[in-house]
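Student: To start, I am sharing the structure in question, which I have written as structure tokens.
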Amino acid sequence: MSKTENQNDNDNPFIPTQNVNLFQHFKKGRSITRLEALDLFGVINLPGRIFDLKEQGLLIQDKWVTLKNKKRVKCYWTVSDL
């Protein structure tokens with residue numbers, strides 16, 4: 001389904017669940033990349049979900065990491081005690 005000009009991420013009923021899943025993941029002290037978020041939770045727009053969590057007050061840091069195959073990916077983790 002393509003997005004129309006009136007649709008946005010807020011129209012997706014799975015976003016609250018995705019945010020909860022990511023929060024629980026961070027609560028366990030784990031970090032996450034886009035590919036991990038897709039594999040674990042079906043999250044396609046990880047930066048959007050990170051934005052949502054930051055808006056809710058979660059302190060999240062990120063950095064670029066280089067994988068063994070020389071690809072660079074962004075890794076996210078929380079810095080607050082949950």
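The values are calculated or read from the model by the stated rules, or taken from the named source; none is laboratory data. If you're wondering where the values come from, they're calculated on a predicted model, not measured in any experiment. Here the Cβ is made from the backbone with ideal geometry for all residues, glycine too, and neighbour counts use every protein chain on show.
Student: Kindly evaluate residue 78 against the criterion of being in contact with a Leu (Cβ under 8 Å, 6 or more places away or on another chain) and of a type in the set (S, T, N, Q).
Tutor: Answer is yes for this residue.
Student: Taking only region 43-79 into account, find how many residues are loosely packed, with under 12 Cβ neighbours inside 10 Å and touching a Phe, Trp or Tyr at 6+ places or on another chain (Cβ under 7 Å).
Tutor: Matching residues across region 43-79 total 2.
Student: Can I ask one more? Within region 56-81, work out how many residues are part of a loop (DSSP other than H, G, I, E, B) and of a type in the set (A, V, I, L, M).
Tutor: Going through region 56-81 one residue at a time, the tally reaches 4.
Student: While we're on this one: Take the residues in region 30-55 that are part of a loop (DSSP other than H, G, I, E, B) and in contact with a strand residue (DSSP E or B) (Cβ under 8 Å, 6 or more places away or on another chain), then tell me which one is farthest from residue 73 (Cα to Cα).
Tutor: 30
Student: Could you say which residue among 34, 49, 72 is in contact with an Asp or Glu (Cβ under 9 Å, 6 or more places away or on another chain), modelled with pLDDT of 95 or more and of a type in the set (D, E, K, R)?
Tutor: Matching residue, one of 34, 49, 72: 49.
Student: Can you name the residue in region 1-29 that is assigned to a helix (DSSP H, G or I) and among the acidic types (Asp, Glu) and is also modelled with the highest pLDDT among such residues?
Tutor: 11
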